[in-house]
Every structure is written in C-alpha cells, then in structure tokens.
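First comes the structure, then the notes that go with it.
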Amino acid sequence: MHDGERYAVLVVGGGPAGMSAAMTAADAGLRTLLVDERPTLGGQVFKQPGLGFAVTDGRPLGAQWRYGHRMVQRAEGSAVMTAMRTAVIDVEEQRDGWNAVLATDDAHTRTVFASRVILCPGAHDRPIVFPGWTLPGVITAGGLQSLVKTQRFMPGRRMVFAGSGPVALAFPAQLAEFGADIVVALEAGPAPNAADVARLAGAAAGNLDLLIDAARYRAGLLRHRVPLRYRRIIVRAEGDRRVERVVHAAVDADWRPIAGTEETVAADLLCIGYGFAPSLELLRLIGAGFDDDEALGGPTVRRDRWCRTTAARIYAAGDGTGVEGSKVAIDEGVVAGLAAVMDEGSLPEEKAVAAAAPALRRIRRRRALARATARMYHVGRGIYGLADESTVVCRCEEVTAGDLAHVIATTDDISVVKALTRAGMGPCQGRYCSRHISAMIGREHDIALATIAPSTPRMPVRPVPIAAIADRAVTDPGLFTAPSGNP
Amino acid sequence: MTGYDATLPRSEADVVIVGGGIAGCALAYHLAMAGTDVLLLERGSINREASGTNAGSFHLQLAIHQLSGKGTAADHDRLLADARLSLEADRLWDKLSGELDGDLGVHRTGGWMVAETEDQLRTLYEKHELEEQAGIETEVVTGAALRSRAPYLAGNLLGATYCPAEGHANPLVVAPLYAKRAQEAGATIATGVEVTGIDRQPDSAGGRFVIRTSGGDLRAHRVVNCAGAWSGRLADMVGLRFPVRSEGLHVNVSERRPRMFEPMIQHIGRRLTLKQTEVGTFIIGGGWPTGTSTHRRYPTLWSSAAGNLAVALDVVPTLADVRIVRTWSGVIVFTDDFSPIVGESEQVPGFFACVASTGFTFSPLLARQLAERMLDPATASGFPQRYSLDRVSH
Amino acid sequence: MKARSRRTPGRLTELAGLQRGPRIRVTVDGREQDAYVGESVAAVMMADDDLELRSTIGGAARGVFCGMGACFDCLAIVDDVPNTRTCVTWAKDGMVIQRQCGAGEP
C-alpha cells in the first residue's frame with residue numbers, strides 16, 4: 001500500500017537525537033530518510049534562523065548554535081535523505097516493517113515503507129494551567145525562543161519570566177542579551193544551597209561544561225540587573241484581551257502558593273518555562289509501553305539499553321523519551337542508530353557493542369547529573385493546582401476546570417471525561433490539557449497520576465486537509481451485504 | 001475503569017441486562033421505571049462501544065443494503081415494514097429529550113441521499129416510492145432544482161432524495177443519560193464486569209439462570225442480551241445462534257468551520273455519511289473498515305480515511321481545504337438479514353435480546369417495545385417472526 | 001498599572017549576527033505592510049504590537065502560545081484558508097492574512 005518509497009530506516013525528528021541517529025544509520029550504508037516538520041534541521045534546541053535570514057556573524061549566536069550548525073552541516077553533507085516541513089501523521093505496522101504516512105505542508109500525503117523506525121520527537125514546554133494562561137502575551141519559553149532566535153522578533157515591552165529548572169536561569173539571561181526588559185524572573189524551586197551544589201559538582205565529573213553554562217547564565221542575569229526570585233510561582237495573568245499584569249506568590253515545598261504572599265507587577269509579556277514534556281503522539285500511536293517519571297517530564301517510553309521500544313522495529317531516542325538534554329540526546333541517537341544497523345544485520349553484535357560503548361558511558365555520566373539536577377528542581381504537585389473554576393483547561397474546546405470537575409466527580413475514566421466535555425477533542429488532541437485533566441482525576445479519586453491511562457491516540461497526528469488525504473484509488477469495500485447462501 | 005476488575009454489587013436480580021450500550025441502558029430505564037428489579041452488566045464503561053462511537057445519525061431513508069434484495073413480494077413487505085419502523089423510531093426521538101429531561105443534541109437537519117449514476121438514480125426513485133407507501137416524506141430532486149437547493153453538492157451528481165425528518169443526536173450523551181435515569185429509578189449498573197458463562201437450571205426460587213462473571217456468580221430469572229457486536233458470543237452461552245457479525249466503523253472528524261450546510265448527506269451507491277455538527281466540525285463516515293491488532297483497540301486504517309474522504313470530496317468538493325483533526329474507529333453489529341433480533345427465545349424461555357443494525361436510530365424504540373412486552377406479555381403486541389431469536393437453527 | 005519600557009515591541013533592531021531576508025509585501029486585515037522572508041505569519045501579525053491573533057467561538061482573545069505548531073491557538077485566515085497555524089506558516093510575497101473569529105469567519 002506504500003507509494004513505492006522504501007527505506008531501511010526512517011528517522012522522525014531532525015533535532016540532535018534524530019540527526020545523530022540518521023547519520024549513524026546512513027554512515028553504515030543503510031538507506032535512511034529523516035523527516036522533520038520545521039523548514040530546517042536542528043530541532044527546538046539547535047534552532048536555526050528562519051530560511052531567508054542570513055548569518056553574517058556566527059559569534060553572537062552562541063556556542064550552542066555553532067555546535068548545532070556544525071551538526072546540521074554534517075547531516076546535510078551525509079548520505080541521509082531529508083524531508084523537511086514534513087510530519088509523520090500515521091504509522092501502520094506491516095509484516096516486515098512499518099508504513100508511515102507523510103504530510104508535507106498541504107501537498108498530498110504519501111506513504112513510505114521503512115524496515116525500522118527511530119522516533120526522536122523531542123519535547124515541548126510542560127503545559128501549566130493557571131488563570132489567564134490563554135491571554136495573548138502568555139507564551140512558552142520555546143515559543144518565545146523561536147521568535148527571538150530564529151526571527152529576531154520580540155513581542156511585548158516588559159516581560160515576566162516564570163519557570164523552574166536550569167532554563168529558568170539560561171533563558172532570561174539569553175533574552176536579556178537581546179535587550180529584553182525583564183521585570184522579574186521567578187524560579188519555583190529553592191536557591192541552590194551548598195549541599196546541592198556539592199552534589200551537583202560530584203555528579204558533574206566530566207560534565208563541567210554544563211556547570212560552566214549555569215554559572216554564566218547567573219552572571220548574565222546579574223549583569224542585566226534581572227531580579228531572580230526563588231520559591232515563587234506564577235499565580236495568574238490579568239488584562240483586557242492581553243496580558244497587562246502578572247500576579248506571583250511564594251510557594252511551599254510542593255509548589256502550592258502561600259496565601260498572603262501575592263505580588264502584582266505590570267507586564268505585557270509572560271514567558272512560561274516550567275521544564276519540558278516529551279512529545280508522545282507517535283510513540284502512543286504505535287502502541288509502545290510507557291512508564292511515568294515527573295522529573296523527566298511525565299510519561300516516558302519504555303526501552304531496553306539499545307533504545308528499542310516495546311513495539312517491534314521501533315526505537316526511540318532523545319528528549320521525546322524523557323527530557324535529559326541535547327547531549328544525552330545525541331548519544332542516544334548514536335545508540336539507536338547502531339541498534340537499527342545491528343538489527344538489520346548490517347553490523348555484527350560485538351562491533352555494535354564496541355561502537356556504542358563510548359556513547360553509553362557518556363549517557364550514564366550525564367544521566368547522573370540530570371538526576372541530581374532533577375532532585376534540585378523537582379516539579380511540585382502544586383503546579384497542577386493553580387487553575388480556578390473558571391479557568392479554561394482545554395484551550396481548543398474552551399472547557400473550564402469547573403466543567404471538568406463536574407464530570408470528574410462521577411468518573412475516573414479520561415475517555416468518558418473527554419466524551420462528555422469535549423476536552424481534548426480539538427486540533428491539539430489534548431497535548432496541552434490531558435496531563436492537567438489526569439491530575440484532576442488523580443486528586444478527585446485519590447489515584448496516582450502515573451497510573452491514569454491517557455485517552456486513545458488517534459491519527460492524523462497533525463491536522464491535514466481532506467484533499468491531501470483523499471485517494472480515489474482506494475476501492476470502496478462494497479455494500480453491506482449478507483454472506484452468500486442461507487445463513 | 002476499563003479492566004474487568006469490579007466485583008458484583010449484588011448476587012441476584014429479576015432481570016439481568018448484559019451490555020451497557022444504548023439498547024441496554026434504554027431497556028434498564030424502561031424496566032426500572034415500571035418498578036422491575038434490574039441489574040445491568042457492562043464489561044467496560046457505559047457507551048464505550050458502537051452506541052458511543054457511531055456518528056449519531058438518524059437513518060430514515062432506506063439504505064442500499066436494505067434494498068439489495070428487492071424484487072419479490074416478501075422483500076417488498078419487509079422493506080415496507082422497515083420503513084414504518086423507521087417512522088416510529090423517528091417519532092420517539094422527537095420526544096426523547098423531554099422524556100429523559102436532558103439535552104440529547106437532537107437536530108432535524110434534513111438529509112440528502114445522492115446518486116452519481118443512472119442506475120443509482122433509478123434506485124432512488126424506487127426507494128422513494130416505497131418510502132411514500134410507508135409514509136416517510138421524501139422527494140427526488142434533480143438537475144437545476146438540485147443545484148439551486150444544494151449548491152454545495154458536486155455538479156455532476158444526477159439527483160438526490162431529500163428527507164426533511166433526518167438528523168442526528170449526540171451519541172456521547174444518549175446512553176449515559178438513559179443509564180443515569182435508570183439508576184435514579186432504582187436500576188443497578190455494574191461496569192467492569194464481564195459475563196463469562198450462563199448456566200440454565202430448573203426454575204427454582206433462585207432464578208432460571210446462573211450468570212458467571214469476572215466479578216462472581218449471579219442468579220437471575222430473566223437475562224437480556226443487549227451486547228451488540230458481542231451478542232453472538234453471549235447467545236452461544238445458552239446454545240442459541242444469532243445471525244450477527246461485526247463490521248468496522250471508521251469515522252473522520254474535521255476542524256470547526258463556519259456553517260457550510262445543514263443536512264446530512266449520504267450516498268445511495270458508495271459508503272458515505274457526512275454532516276456538519278452544531279459546533280462546526282464535519283463528521284465523515286459511512287462504514288469503512290477498521291484494522292485488527294492485538295495491542296490496540298480497533299486500529300484505524302489509513303486506506304479507510306483515504307477512500308472515505310475521496311467519496312466525500314466527490315460529493316462535496318468544497319471540503320477540499322477543510323482539515324481532518326481526528327479519526328476514530330469502532331465496530332457495529334450487523335444482522336445477516338438486516339432484521340433486528342428482539343423478543344424472547346422460544347427455545348430458551350427467559351432469555352431475551354435487543355440487537356439491531358443501525359442500532360442508534362432504532363434501539364430507543366425497540367428497547368421500549370421489548371420492555372412493554374416483558375412487563376405485560378398478555379397485552380403488548382408481539383414482534384414479527386423475522387425478529388425471532390430462534391430464526392437460525394443450530 | 002501601565003507597562004513602561006524603553007524597548008519598542010516587535011522586530012528587534014539588534015540583529016546579533018543575523019540579517020533579515022528580502023523585504024516582501026503582505027496584506028494583514030486589509031492593510032498592506034512590509035514583511036521579511038523567513039518571518040512567520042504570527043510575527044508579521046504582531047509587528048504593530050497587536051498580540052491578539054484571533055477570537056475564539058466563546059469570544060476570548062488568543063495569541064501565540066506554544067510557538068511550535070502544537071497548540072493551535074495562533075490560528076488565522078491565510079490566503080482564504082481559516083485555522084492556519086501562523087507560528088509555523090512562513091510569510092510570502094502577496095500573502096493575504098486576516099484575523100479570524102469563531103470557527104473561521106474574518
């Protein structure tokens with residue numbers, strides 16, 4: 001049923017994990033296709049300037065951009081075939097591989113076959129529901145980063161940054177370099193104490209670059225006189241059809257706002273960066289098994305040490321498998337790529353083991369730091385308790401927390417909640433509301449968030465025009481007729 | 001709650017209904033309202049299968065599969081009876097929101113059934129004639145009249161029948177509301193309980209049936225099979241053979257768009273039902289197949305989306321740039337002779353059934369008729385012989 | 001409280017190592033304006049500090065939220081097609097962009 005295109009390996013996602021996986025497979029001589037929705041390789045983390053922008057001087061773009069740019073150039077010069085502005089919107093298992101339906105912009109979809117698929121979908125900002133989060137002027141860190149880094153565009157005049165984790169330091173510092181007027185940066189976690197720093201340093205053996213980054217960001221904030229306030233969280237955004245004021249408050253250890261500590265500041269831009277959550281649509285659609293780790297962004301796909309998921313011939317690497325950063329992603333891409341090459345029979349096992357060893361060693365070391373950081377910046381459960389009754393939870397279908405609470409009082413099944421409220425039925429397919437709804441169900445019925453089954457994933461993973469799907473070559477299965485002969 | 005992990009709330013009941021779809025919930029409602037002791041068993045959640053996954057259309061016009069055997073006098077009589085049943089079901093839907101005191105999302109949008117070929121157009125005329133005899137209001141519209149009344153339809157369509165009474169309800173709320181009202185009237189509903197076997201025993205004080213379930217054993221005087229696509233398996237437990245099979249059900253849902261047209265649109269010769277809902281989304285189906293999988297519930301088939309949408313585009317070309325945001329799939333039950341299976345078995349007294357093709361349209365009516373029959377066998381009219389539970393011999 | 005700042009919102013003047021693409025002309029809500037190749041439709045629409053890109057069926061204002069094509073909040077009518085994600089649609093010369101209301105009316 002595919003349109004004639006056959007690949008040994010299909011890699012989905014052109015970020016660090018995807019590029020390294022694709023290059024690993026292609027370098028081993030396998031016919032490899034890499035697809036990504038963006039116009040350029042590099043993914044969210046190595047954001048490349050928009051096609052049309054020209055780089056006149058690489059130095060101000062930062063070390064990460066330069067590193068990413070070199071990697072993009074290597075990928076473009078490799079034997080990897082690429083399809084940009086292309087989304088995988090459906091996958092179907094075949095006897096000896098997978099069919100994948102590709103949608104490029106609004107052109108007609110095409111179906112390719114691949115013996116093995118490496119999913120590197122990356123992550124998106126962890127959605128946090130609070131009153132006013134739907135107002136224009138509230139933007140995720142990733143979204144603002146795209147505008148600033150790839151288009152040199154900064155909406156609004158005065159900004160509040162609210163978030164947690166290493167990004168809470170890094171991102172405002174970067175924005176300040178571009179002249180952003182940051183009224184205050186809020187970190188929900190505590191200021192790092194000496195013991196934490198010592199633990200980090202211990203875990204950081206061989207990760208000094210990461211610690212140096214953190215120190216540099218801190219210095220950047222100081223230089224731009226951005227007040228950084230620890231243990232404070234966004235409470236709500238207010239304004240008439242756009243953000244005009246931002247209210248924040250002190251939090252307890254579980255990130256619950258403490259009454260009487262609210263402060264209001266004037267701002268017209270509120271940037272949200274409470275860490276990342278893996279993008280799971282395709283992993284869910286293929287039916288892979290999952291675990292749940294809030295520190296890694298919530299549900300995480302189950303894998304063996306070769307990045308094989310529980311679904312046949314499907315591998316997963318990078319932040320889409322649990323958010324651990326670009327360096328782990330690159331090494332995971334190498335491991336997944338080698339695994340696919342080995343499983344295709346193109347590399348003997350002992351050679352694959354030897355080739356993967358350095359990457360696996362680095363992953364172990366970096367994971368130690370990631371875990372230490374995660375302990376420092378653990379996500380408090382209060383993050384799912386900021387909405388009030390009238391807060392819209394499902395942005396697409398405009399379903400409020402009050403509407404949801406009404407139904408959740410009678411059921412613990414998220415599919416029933418979806419059916420009766422329409423929450424999650426819109427074009428985003430619940431990406432931005434389902435975690436919050438699960439948390440509401442967990443609270444109401446006293447169930448651990450990790451054990452609440454999400455609703456069934458559905459293709460197409462991205463909305464696609466009817467004309468791009470319709471295919472007259474598919475034969476009508478015919479009319480419903482009774483089987484021949486007397487029943 | 002999706003596992004079969006629940007325990008039974010009670011160990012006996014007068015009537016045990018198996019299946020928490022629209023038929024089972026409606027029957028539970030009518031019996032409980034009359035004071036009958038009812039326990040409904042559902043292995044998953046209420047409304048989780050075809051009753052909740054169908055597109056909610058009222059199919060009043062005769063469909064091609066019903067017409068396929070026409071020609072003999074017996075076929076003519078059957079079709080006439082089917083058409084009259086449609087009419088009665090239709091009248092019931094009119095009053096249902098009021099009776100259940102809730103918004104079922106019932107909308108009378110009217111419905112087109114289109115023809116692309118001369119053959120199909122002939123079938124439309126024959127269909128129209130039958131419907132007229134049965135009292136269903138339809139008209140055949142062709143040429144310039146069709147263009148002006150339905151400018152959104154493709155210019156190459158030869159004609160279409162229009163039925164003003166067709167429309168839809170919201171399938172997500174109907175069975176749950178029946179279930180709620182049934183519970184308020186005293187029915188017990190147990191979800192997460194799967195029936196694994198039914199033993200018959202001599203009529204004793206404890207009841208004629210012992211029902212083995214995942215949550216324990218249960219005694220009942222009467223058992224009603226409302227298990228839809230799984231009704232064959234349940235009938236088999238008491239030694240009956242139902243002429244049922246399941247068919248895939250693939251549905252595509254679009255983004256919201258400003259109102260393009262009101263009526264439902266069907267095709268007399270190809271698989272298509274298409275409508276724009278009150279919220280502006282287009283729901284496009286028509287019975288395209290689903291896949292099979294061991295680890296996923298009714299996996300959708302890309303080929304079904306591609307084929308189904310090609311038919312939609314042939315009929316309404318302006319849908320071209322409307323985006324599909326979601327698909328879903330399920331199974332629906334079909335009886336081999338297209339007649340419902342309703343009533344009490346003669347071979348197994350005390351064993352009842354309420355199973356119908358196009359069940360969303362017909363189940364509220366058939367469940368009510370069955371309840372009347374169960375409550376008062378002497379005065380309520382019986383069901384036609386062709387509805388019999390025993391019509392297929394083992 | 002009024003937000004005050006020295007900074008002008010919109011296109012940054014400090015380009016820090018980048019150069020904008022060729023200038024093009026687009027129409028936003030009936031008014032012709034400049035845009036640059038490489039800019040998203042979202043950025044073009046927000047260039048005059050109007051961050052409201054659409055109003056929902058419920059009448060609420062929405063703008064760019066995720067900025068990566070995942071949340072479907074920054075929808076607009078682009079060349080007559082409603083519900084187009086402006087954060088991942090790139091400006092083209094002659095493009096006609098309209099803010100949308102409800103399910104896609106201008």
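The values are calculated or read from the model by the stated rules, or taken from the named source; none is laboratory data. Fair warning: this is a prediction, and the values are worked out from it, not measured in the lab. For neighbour counting, all protein chains shown are included, and Cβ atoms are generated from backbone atoms with ideal geometry for every residue, glycine included. Calculation scope for accessible area: heavy atoms of the full protein, side chains included, ligands and nucleic acids excluded. Shrake-Rupley method; radii C 1.70, N 1.55, O 1.52, S 1.80 Å.
Would you mind classifying the range B:64-183 by shape? Square roots of the alpha carbon gyration tensor eigenvalues, ordered a ≥ b ≥ c; an a/c under 1.5 is rounded, otherwise it is prolate if a/b is larger than b/c and oblate if not. Can you show the working numbers first?
Working: a/c = 2.75, a/b = 1.51, b/c = 1.82.
Because a/c hits 1.5 or more and a/b fails to exceed b/c, the range B:64-183 counts as oblate.
Can you show me the helix-derived [θ] at 222 nm for chain B, built from DSSP H runs with n ≥ 4 at -39,500 (n - 2.57) apiece and divided by the number of residues, rounded to the nearest 500. Write down the numbers at each step before the final one.
Working: 10 runs with 120 residues, N = 394.
My calculation for chain B gives -9500 deg cm²/dmol from helical runs alone.
Taking only protein heavy atoms and a 1.4 Å probe, what accessible area per residue, in Å², does the protein assembly as shown have with all protein chains in place? Mind showing how you got there, number by number?
Numbers: 36720 Å² over 987 residues.
Spelled out: the 1.4 Å probe surface of the protein assembly as shown, per residue, equals 37 Å².
Top to bottom by accessible area (1.4 Å), largest first, where do A:Lys327, A:Lys418, B:Lys275, B:Lys180 land?
B:Lys180, A:Lys327, A:Lys418, B:Lys275
If one takes the accessible area of chain C alone plus chain A alone and subtracts that of the pair, with a 1.4 Å probe, what total in Å², rounded to the nearest 100, results? Working shown, then result.
Values: alone 7060 and 22970 Å², together 25310 Å².
The buried area between C and A, both sides summed, comes to about 4700 Å².
So if we plug the beta-carbon distance of A:Met84 and A:Asp3 into 1/(1 + (r/R0)^6) with R0 = 22 Å, what FRET efficiency do we get, rounded to 0.05?
Values: r = 19 Å, r/R0 = 0.84.
Plugging the Cβ-Cβ distance into 1/(1 + (r/R0)^6) gives 0.75.
Averaged over A:247-253, how many beta carbons belonging to a partner chain fall within 10 Å of each residue's beta carbon?
Numbers: counts 0, 0, 0, 0, 0, 0, 0.
Counting Cβ atoms of other protein chains within 10 Å of each residue's Cβ and averaging gives 0.
Could you put B:Glu184, A:Glu389 in order of accessible surface area, largest first, with the 1.4 Å probe and the full protein assembly present? Display every interim value, and only then the final one.
Values: B:Glu184 120, A:Glu389 140 Å².
Ranked list, largest accessible area first: A:Glu389, B:Glu184.
Roughly how large is the A-B contact in terms of buried accessible area, totalled over both chains, probe 1.4 Å, nearest 100 Å²?
Values: alone 22970 and 16280 Å², together 34970 Å².
By this definition, chains A and B bury close to 4300 Å².
Run lengths n ≥ 4 of DSSP H only: what is the helix-derived mean residue ellipticity at 222 nm for chain C, with -39500 (n - 2.57) per run over all residues, to the nearest 500?
Values: 1 runs with 5 residues, N = 106.
It lands at -1000 deg cm²/dmol.
How much solvent-accessible surface does A:Asp471 expose, in Å² to the nearest 10, with a 1.4 Å probe and all protein chains in place?
60 Å²
Dipole of chain C, Cα-centred, from +1 at each Lys and Arg C-beta and -1 at each Asp and Glu C-beta, to the nearest 20 debye?
On the way: 14 positive and 14 negative charges, 89 e Å.
Dipole of chain C, to the nearest 20 debye: 420 debye.
Which FRET efficiency, nearest 0.05, do B:Gln133 and B:Arg297 yield, Cβ-Cβ r, R0 45 Å?
0.60
Rounded to the nearest 10 Å², what accessible area does A:Asp403 have for a 1.4 Å probe in the complete protein model?
About 70 Å², ignoring ligands and nucleic acids.
Could you give log10 I(q)/I(0) at q = 0.23 Å⁻¹ for the range B:341-394, computed by the Debye formula over C-alpha point scatterers of equal weight, without solvent?
Each listed q corresponds, in turn, to -0.91.
In debye to the nearest 20, how big a dipole does the protein assembly as shown give about its Cα centre with +1 on each Lys and Arg Cβ and -1 on each Asp and Glu Cβ?
Working: 107 positive and 111 negative charges, 798 e Å.
I would put it at about 3840 debye.
Is chain A rounded, prolate or oblate when judged by the Cα gyration tensor, a ≥ b ≥ c being the square roots of its eigenvalues, rounded requiring a/c under 1.5 and prolate requiring a/b larger than b/c? It would help to have the intermediate numbers written out before the result.
Numbers: a/c = 1.66, a/b = 1.21, b/c = 1.37.
Cα axes put chain A in the oblate bin.
For the protein assembly as shown, give me the percentage of DSSP beta bridges that are antiparallel, rounded to the nearest 5 percent.
Numbers: 103 of 164 bridges.
Antiparallel: roughly 65 percent of the beta bridges in the protein assembly as shown.
Distance between the C-alpha centers of the range B:198-276 and the range B:7-45? Whole Å please.
Using only Cα atoms to place each centre, the spacing works out to 14 Å.
Please report the accessible area of A:Met81 (heavy atoms, 1.4 Å probe, ligands and nucleic acids excluded) in Å², nearest 10.
Accessible surface of A:Met81 is approximately 70 Å².
Amide H of A:Glu244 versus every other amide H placed in the peptide plane: which residues, excluding those fewer than 5 positions away on the same chain, fall under 5 Å?
A:Glu238, A:Gly239
Mind checking which of B:Phe383, B:Thr358, A:Ala21 is farthest towards the positive end of the protein assembly as shown's charge dipole, using Cβ charges of +1 (Lys, Arg) and -1 (Asp, Glu) about the Cα centre?
The residue sitting most towards the positive pole is A:Ala21.
What is the distance in Å between the Cα centres of the range A:237-291 and the range A:311-333?
If we compute the Cα centre of each part, the gap is 25 Å.
Please give every one of the aspartates and glutamates within straight-line cross-link reach of C:Lys92, meaning a C-alpha to C-alpha distance under 16 Å, and leave out same-chain neighbours fewer than 8 residues apart.
List returned: A:Asp105, A:Asp106, C:Asp29, C:Glu32, C:Asp34, C:Glu39, C:Asp79, C:Asp80.
Return the calculated 222 nm mean residue ellipticity for chain A, to the nearest 500 deg cm²/dmol, obtained by summing -39500 (n - 2.57) across DSSP H runs with n ≥ 4 and dividing by the residue count. Don't skip to the end; give the middle numbers.
On the way: 13 runs with 154 residues, N = 487.
Using -39500 (n - 2.57) per qualifying helix, the result is -10000 deg cm²/dmol.
Accessible area of the range C:23-101 with a 1.4 Å probe: how many percent of it is carbon plus sulfur?
On the way: 1190 of 2600 Å².
The nonpolar share, carbon plus sulfur, comes to 46 percent.
Once amide H atoms are placed 1.01 Å from N in the peptide plane, what residues at a sequence separation of 5 or more from B:Gly105, or on another chain, have their amide H within under 5 Å of its amide H?
Amide H neighbours of B:Gly105: B:Asn170.
So, in nm, how far is label A:Asp105 from label C:Asp48 when the simple model puts each one 7 Å beyond its Cα toward the Cβ?
Each label point lies 7 Å from its Cα, and together they span 2.7 nm.
Which Cys residues of chain A have no other Cys Cβ less than 4.7 Å away and so no disulfide-compatible partner by this rule?
A:Cys120, A:Cys271, A:Cys307, A:Cys396, A:Cys428
Under a plain spin-label model, where a point goes 7 Å from the Cα along Cα-to-Cβ, how far apart in nm are B:Glu88 and B:Arg200?
Reported label-point gap for B:Glu88 and B:Arg200 is 2.8 nm.
If you take the charge dipole of chain C about its Cα centre, with +1 on Lys and Arg Cβ and -1 on Asp and Glu Cβ, which of C:Gly10, C:Gln33, C:Gly58 is farthest toward its positive end?
Going by the Cα projections, it comes out as C:Gly10.
With all protein chains present and a 1.4 Å probe, how do A:Asp476, B:Asp75 order by accessible area, largest first? Could you put the intermediate results ahead of the total?
Working: A:Asp476 50, B:Asp75 30 Å².
Ranked from most to least accessible, the order is A:Asp476, B:Asp75.
Structure shown: which of A:Lys149/A:Lys418; A:Lys149/A:Lys327; A:Lys47/A:Lys418; B:Lys95/B:Lys275; A:Lys418/B:Lys180; A:Lys47/A:Lys351 lie over 27 Å apart, alpha-carbon to alpha-carbon? Please report the intermediate quantities before stating the final value.
Details: A:Lys149/A:Lys418 37 Å; A:Lys149/A:Lys327 20 Å; A:Lys47/A:Lys418 35 Å; B:Lys95/B:Lys275 23 Å; A:Lys418/B:Lys180 18 Å; A:Lys47/A:Lys351 34 Å.
Correct reply: A:Lys149/A:Lys418; A:Lys47/A:Lys418; A:Lys47/A:Lys351.
Mind checking the dipole of chain A: about its Cα centre, +1 per Lys or Arg Cβ, -1 per Asp or Glu Cβ, Debye to the nearest 20? Each step should come with its number before you reach the end.
Numbers: 56 positive and 53 negative charges, 322 e Å.
Computed charge dipole of chain A: roughly 1540 debye.
Quick one: compute the contact order of the range A:332-487, relative version, from alpha carbon pairs under 8 angstrom and 6+ residues apart, as a percent.
Rounded, it is 14 percent for the range A:332-487.
If I take every Cα pair under 8 Å that is 6 or more residues apart in the range B:236-345, average their sequence separation and divide by the length, what percent do I get for the relative contact order?
36 percent
Calculate how many DSSP beta bridges within chain A are antiparallel, expressed in % of all such bridges and rounded to the nearest 5. Working shown, then result.
Working: 34 of 69 bridges.
Counting DSSP beta bridges with both partners in chain A, the antiparallel share is about 50 percent.
Quote the FRET efficiency, to the nearest 0.05, computed for B:Arg386 versus C:Ser55 with a Förster distance R0 of 60 Å and r equal to the Cβ-Cβ distance. Could you put the intermediate results ahead of the total?
Numbers: r = 56 Å, r/R0 = 0.93.
For B:Arg386 and C:Ser55, the calculated efficiency is 0.60.
Counting alpha carbon pairs within less than 8 Å and at least 6 residues apart, what relative contact order, in whole percent, applies to chain A?
Details: 1006 pairs, mean separation 83.9, N = 487.
The normalised contact order for chain A reaches 17 percent.
What spacing in nm lies between the two simple spin-label points modelled at B:Ala74 and A:Thr475, each 7 Å away from Cα in the Cβ direction?
Those two pseudo-labels are separated by 3.1 nm.
I want to make sure I understand the PRE zone here: with the label point 7 angstrom from the Cα of B:Arg233 toward its beta carbon, which residues in the range B:243-270 have backbone N atoms less than 14 Å away?
Within reach of a label on B:Arg233, which here means backbone N under 14 Å from a point 7 Å along Cα→Cβ, the range B:243-270 contributes B:245-247.
Placing +1 on the Cβ of each Lys and Arg and -1 on the Cβ of each Asp and Glu in chain A, which of A:Gly132, A:Thr411, A:Val226 has its Cα farthest towards the positive end of the resulting dipole?
Selected residue: A:Val226.
Springs between alpha-carbon pairs under 10 angstrom, Gaussian network model over chain B: which of B:Glu126, B:Glu99, B:Glu344 fluctuates most?
Answer for the Gaussian network model of chain B: B:Glu99.
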